[in-house]
1. Any residue that is under 20 Å from Pro44 (Cα atoms) and either open to solvent by less than 40 Å² (accessible area, probe 1.4 Å) or not β-branched (Val, Ile, Thr) (or both) - is there at least one of those in the range 163-183?
2. Quick one: is Val113 open to solvent by 80 Å² or more (accessible area, probe 1.4 Å) and under 26 Å from Ala169 (Cβ atoms)?
3. For the range 219-251, name all the residues that are aliphatic (A, V, I, L, M), part of a helix (DSSP H, G or I) and at pLDDT below 80.
4. Cβ contacts < 6 Å: first residue surrounded by fewer than 20 Cβ atoms within 10 Å (Cβ to Cβ), restricted to the range 205-231; second residue modelled with pLDDT under 80, any location; separation 6+ or different chain. Result?
5. In the range 68-109, how many are of a type outside the set (Phe, Trp, Tyr) and within 22 Å of Val43 (Cβ to Cβ)?
6. Any residue at all in the range 124-145 that is among the acidic types (Asp, Glu) and open to solvent by less than 70 Å² (accessible area, probe 1.4 Å)?
7. Might you let me know whether the range 43-55 holds any residue that is part of a helix (DSSP H, G or I) and touching a Pro at 6+ places or on another chain (Cβ under 9 Å)?
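The values are calculated or read from the model by the stated rules, or taken from the named source; none is laboratory data. Please read these numbers as outputs of a predicted model, since none were measured by experiment. When we count neighbours, we look across all protein chains shown, and the Cβ atoms used for this are built from the backbone with ideal geometry, even at glycine. To get the accessible areas, we keep the full protein, side chains included, count just its heavy atoms, and leave off ligands, DNA and RNA. Shrake-Rupley method; radii C 1.70, N 1.55, O 1.52, S 1.80 Å.
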Amino acid sequence: MPLVEHLRELRNRLAKGMLAITVVSVVVAFYSQDLMSFLSHPVPRCTEGLGESTGGSCAVIAYTDLLSPFTTTVKVCFMAGVVISSPVWLFQLWAFIAPGLHRHERKYTYWFVAAAVPLFMAGAWLAYTILPISMRVLLGITPDGSANILPMDKVLDFIVRMILIFGGAFELPLLLVMLNFAGVVTGRRMAGWWRGVVMGVFVFGAVATPTTDPFGMIALAGPIVVLYFIAVGIALLNDRRRQRADEAAELDDDEASPLDHRPEPIAGPERLTAAVPEQARQAEALPPGRYEGYDDVT
């Protein structure tokens, strides 16, 4: 198609995706209170009231200004609309990109998407599971006799950020597998990185998790390290499969391919035709077998 047709198709695809997000967000607005209660559930609430709060044992969730309830509800509904309607707008994005891909590229894309969704959901579930412990550790720093008043929008931003960090971190091993299937990095090289990768993952876990205890760091870094070694195993198997198909597949661009010094089998003798017309006429006059295969009578 010409460029104008591509732009028109992209506009239609984006319009369908935005329409799906809008419709789902409006539907979610009717259940916004339940959704906000679910997201704020990890926060330890003060059941006896703000005046009885003692240090970091609990917190009170509050709205700090007049528009805060409305803006927070709209933000939560829109976020839920983007997540729930993701199959629709992801399909529209795929439908726009797919015609430019080869058949094997589409096959790999199906496998990677099928693996990316469960990995992200596993990271999000892990983040939501350890959030109560993380919040108790953070609130525990509060001196005794003081009360914790947490703005609702700040609480939701913190929870969503933790879910995105954990879900995105679980996608890192899948990214390495994608690079290996694309031929960018080999499994042997990935295996050689294991010391730096383990160290970097634990440093990332310490920085990404806001808690000061090692539980959050280990909860994030441990599964990523396990997934990294699984990715290395998949990459090594893929390299072995690729090497069986092509012995020079793992060679660098500046590395010479191995030479095959084995002699090729020799074919049988070829029949020769007469070099000149006189010899051809003599061959026709001789009995069979006297001249065949030679360039003269002798």
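1. There is at least one residue in the range 163-183 that is under 20 Å from Pro44 (Cα atoms) and either open to solvent by less than 40 Å² (accessible area, probe 1.4 Å) or not β-branched (Val, Ile, Thr) (or both).
2. Considered against the rule, which asks whether it is open to solvent by 80 Å² or more (accessible area, probe 1.4 Å) and under 26 Å from Ala169 (Cβ atoms), Val113 comes out as yes.
3. As a first pass, look at the range 219-251 and keep what is aliphatic (A, V, I, L, M): 219-221, 224-227, 230-232, 234-237, 245, 248-249, 251.
Subset that is part of a helix (DSSP H, G or I): 219-221, 224-227, 230-232, 234-237, 245.
Those that are aliphatic (A, V, I, L, M), part of a helix (DSSP H, G or I) and at pLDDT below 80: Ala219, Leu220, Ala245.
4. Ala206/Met217; Thr211/Ser134; Thr211/Val137; Asp213/Val137
5. So the count comes out to 12.
6. Checked against the condition, which is being among the acidic types (Asp, Glu) and open to solvent by less than 70 Å² (accessible area, probe 1.4 Å), the range 124-145 yields no hits at all.
7. Start the filter on the range 43-55 by keeping residues that are part of a helix (DSSP H, G or I), which leaves 50-52, 55.
Checking which are touching a Pro at 6+ places or on another chain (Cβ under 9 Å) leaves us with 55.
Scanning the range 43-55 turns up at least one residue that is part of a helix (DSSP H, G or I) and touching a Pro at 6+ places or on another chain (Cβ under 9 Å).
Per-residue answers, yes or no, for (1) surrounded by fewer than 16 Cβ atoms within 10 Å (Cβ to Cβ); (2) modelled with pLDDT under 80; (3) within 30 Å of Ser146 (Cβ to Cβ); (4) of a type in the set (Gly, Ala, Ser):
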position: Val4; (1), (2), (3), (4): yes, no, no, no
position: Ser37; (1), (2), (3), (4): yes, no, yes, yes
position: Cys58; (1), (2), (3), (4): no, yes, yes, no
position: Thr72; (1), (2), (3), (4): no, no, yes, no
position: Met79; (1), (2), (3), (4): no, no, no, no
position: Phe91; (1), (2), (3), (4): yes, no, no, no
